[in-house]
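**Student:** Before anything else, here's the structure in question.
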Amino acid sequence: MKNILIYFILIFCTLYNLQSYSQPNKRTNFWYFSDHVGLDFNSGEPIEDPYGMVYSTRHEGSTVMSDTNGNLLFYCDGLHIWNKNNMWMKNDFGYPEITRTYQGTIAIQKPGYENHYYVFITSHSAGQYRLPLFYYSIDMSMDNGLGEVIAIDTIVSAWDAAEKLTAAYHKN
């Protein structure tokens with residue numbers, strides 16, 4: 001009887017884990033690079049997407065956010081945020097004084113909120129003239145689902161975050 005219970009628990013755990021992975025998260029299925037080059041991985045294979053507005057002769061980094069079904073929501077090159085229609089997001093006035101960096105922008109979903117996102121932007125390391133860490137707050141339920149920048153702020157204490165952005169989910 002004890003062995004049957006152990007087998008039942010093992011089978012349950014295996015099936016439960018298989019079920020939890022049956023709906024893959026497709027938030028990273030779009031990639032945009034410099035020179036209007038993009039890739040769409042929604043079909044399982046990379047398909048060129050030349051409609052992205054990211055352009056830079058220095059090939060700086062960008063960030064892209066899609067929904068869990070792989071539908072493009074927005075993307076950012078560190079200066080501007082574009083919506084899924086490749087238009088500047090409402091209330092995005094950019095930061096022209098920022099020197100873009102190789103991995104100076106990252107987008108994350110606001111924990112506990114379905115339609116709210118943060119886009120963090122660093123400046124290029126420029127000796128003693130470093131700028132703070134900037135961030136946009138985005139509400140995707142605004143502007144008929146195209147999203148809107150609802151706040152722009154800085155984290156002054158993160159002045160040394162130049163070209164060092166990464167993110168990881170934590171349980172809290």
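The values are calculated or read from the model by the stated rules, or taken from the named source; none is laboratory data. None of the values given here were measured: they were computed from a predicted structure. Cβ placement follows ideal geometry from the backbone for every residue including glycine, while neighbour counts extend to all protein chains displayed. These area figures cover heavy atoms from the full protein model, side chains too; ligands, DNA and RNA do not enter into them. Shrake-Rupley method; radii C 1.70, N 1.55, O 1.52, S 1.80 Å.
**Student:** Tell me, what is the 1.4 Å probe accessible area of S43, in Å² to the nearest 10?
**Tutor:** The accessible area of S43 comes to roughly 80 Å².
**Student:** Hey, another quick one. For E114, what accessible surface area do you get with a 1.4 Å probe? Give it in Å², rounded to 10.
**Tutor:** 120 Å²
**Student:** While we're looking at this one, here's another question. In nm, to one decimal, how far is the modelled label at I150 from the one at E114, with both set 7 Å along Cα→Cβ?
**Tutor:** For the pair I150/E114, the computed spacing is 1.4 nm.
**Student:** Starting from the residue with the highest accessible area, list K171, K110 in decreasing order, probe 1.4 Å.
**Tutor:** Details: K171 195, K110 55 Å².
These residues rank, largest area first, as K171, K110.
**Student:** By the scheme Lys and Arg +1, Asp and Glu -1, what is the net charge of all other residues having a beta-carbon under 11 Å from that of L72? Don't skip to the end; give the middle numbers.
**Tutor:** On the way: positive: K26, R27, K84; negative: D40, D49, D67.
Counting the neighbours of L72, the net charge comes to 0.
**Student:** Ignoring everything but the protein chains, give the 1.4 Å probe accessible area of F41 in square angstrom, nearest 10.
**Tutor:** We get 50 Å² for F41.
**Student:** Using modelled backbone amide H atoms (1.01 Å from N, in-plane), which distant-in-sequence or interchain residues come within less than 5 Å of D92's amide H?
**Tutor:** For D92, whose amide H was placed from the backbone, the distant partners under 5 Å are V149.
**Student:** Explain nothing, just compute: Karplus ³J(HN,Hα) = 6.51 cos²θ - 1.76 cosθ + 1.60, θ = phi - 60°, for every residue of region 165-170 in order, whole Hz, x for Gly and Pro.
**Tutor:** So the Karplus estimates, Gly and Pro as x, are 8, 7, 9, 9, 6, 10 Hz.
**Student:** How large is ³J(HN,Hα), in whole Hz, for each residue of region 145-150 in order, when computed from phi with the Karplus curve 6.51 cos²θ - 1.76 cosθ + 1.60 and θ = phi - 60°, using x for Gly and Pro?
**Tutor:** x, 8, x, 8, 6, 9
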